[in-house]
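Engineer: The structure that follows is given in the form of structure tokens.
Computed from the coordinates by the stated procedures, all read-outs in this text should not be read as laboratory data. Since the structure is predicted, the reported quantities are computational estimates derived from the model, not experimental observations. For neighbour counting, all protein chains shown are included, and Cβ atoms are generated from backbone atoms with ideal geometry for every residue, glycine included.
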Amino acid sequence: MTTENKSVVERALAELIGTGDADALAPFLSDDFVHHRPDSTVSTKGEWLAAVRAALVPLAGMRVEVHHVLADGDHVVMHSRRGLPGGPEIAVIDIWRLADGLIAEGWEIIEPVSEAAAHLAWWEPAG
């Protein structure tokens, strides 16, 4: 199951990057798919696909370097670095939960690489 789940996530990303079309993700998502953001925003399948679709135009030409894809049971974690030509680079952690061979739930954390050092000291008192 772990290998199959990892393959589903990798194929979904390959389809998105290969076609540049958010609708290419739809067959990989369950009908009740839910996407979570760090600010507690939750999106349905339709809402999330619309957001991805809207982001694809300004993100055309984005470089995606997948560094790790780890799977454990029904969860797959992907660590990547992404960037636009001449633009800032971001580090992204995606966590996907799969059910019945489809992506049922997703979480995403994005950090601009240029801000990483400052974020490593969040616990230090301001001063």
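Engineer: Quick check on the exposure proxy: order LEU25, LEU70, LEU120 from fewest to most C-beta atoms within 10 angstrom. Show your work: numbers first, answer last.
Structural biologist: Working: LEU25 20, LEU70 12, LEU120 9.
The fewest-first ordering by Cβ neighbours comes to LEU120, LEU70, LEU25.
Engineer: While we're on this one: Could you check the simple spin-label distance between GLU108 and ASP72, using points 7 Å along Cα→Cβ, in nm with one decimal?
Structural biologist: 2.4 nm
Engineer: Test of understanding: in a Gaussian network model of the chain with alpha carbons linked when under 10 Å, which of ALA50, ALA104, ALA71 would top the mean-square fluctuation ranking?
Structural biologist: Sorting by GNM fluctuation, first place goes to ALA50.
Engineer: For region 34-75, with the dipole built from +1 on Lys and Arg beta-carbon atoms and -1 on Asp and Glu ones, taken about the Cα centre, which of THR44, ALA54, VAL64 lies farthest toward the positive end?
Structural biologist: Positive-most Cα among the choices belongs to ALA54.
Engineer: Now, a different point. What whole number of Å gives the distance from the Cα centroid of region 9-58 to the Cα centroid of region 91-126?
Structural biologist: Distance between centres, Cα-based: 16 Å.
Engineer: Next question. Tilt of helix 2-19 relative to the longest C-alpha principal axis of the chain, in degrees (0 to 90, nearest 10)?
Structural biologist: 80 degrees
Engineer: In addition: Could you give the length gained by full extension between ILE17 and HIS36, i.e. 0.36 nm per residue of separation minus their alpha carbon distance, to one decimal place?
Structural biologist: 4.7 nm
Engineer: In the chain, if the dipole is taken from +1 on Lys/Arg beta carbons and -1 on Asp/Glu beta carbons about the Cα centre, which of GLY20, ILE110, LEU84 is farthest to the positive end?
Structural biologist: LEU84
Engineer: Excluding ARG53 itself, what net charge comes from residues whose Cβ is under 15 Å from its Cβ, given Lys and Arg +1 and Asp and Glu -1?
Structural biologist: Numbers: positive: LYS45; negative: GLU15, ASP21, ASP23, GLU47.
Computed value for this residue: -3.
Engineer: Quick check on the chain: take the gyration tensor over C-alpha atoms, sort the square-rooted eigenvalues as a ≥ b ≥ c, and tell me if it's rounded (a/c under 1.5), prolate or oblate. Kindly include the intermediate steps, with their values, before the conclusion.
Structural biologist: Working: a/c = 1.68, a/b = 1.37, b/c = 1.22.
Prolate is the answer for the chain, as a/c is 1.5 or above and a/b outweighs b/c.
Engineer: Based on DSSP H runs of at least 4 residues, each adding -39500 (n - 2.57), what is the mean residue ellipticity at 222 nm of the chain after dividing by all its residues, to the nearest 500 deg cm²/dmol? Each step should come with its number before you reach the end.
Structural biologist: Working: 3 runs with 34 residues, N = 127.
Calculated mean residue ellipticity at 222 nm is -8000 deg cm²/dmol.
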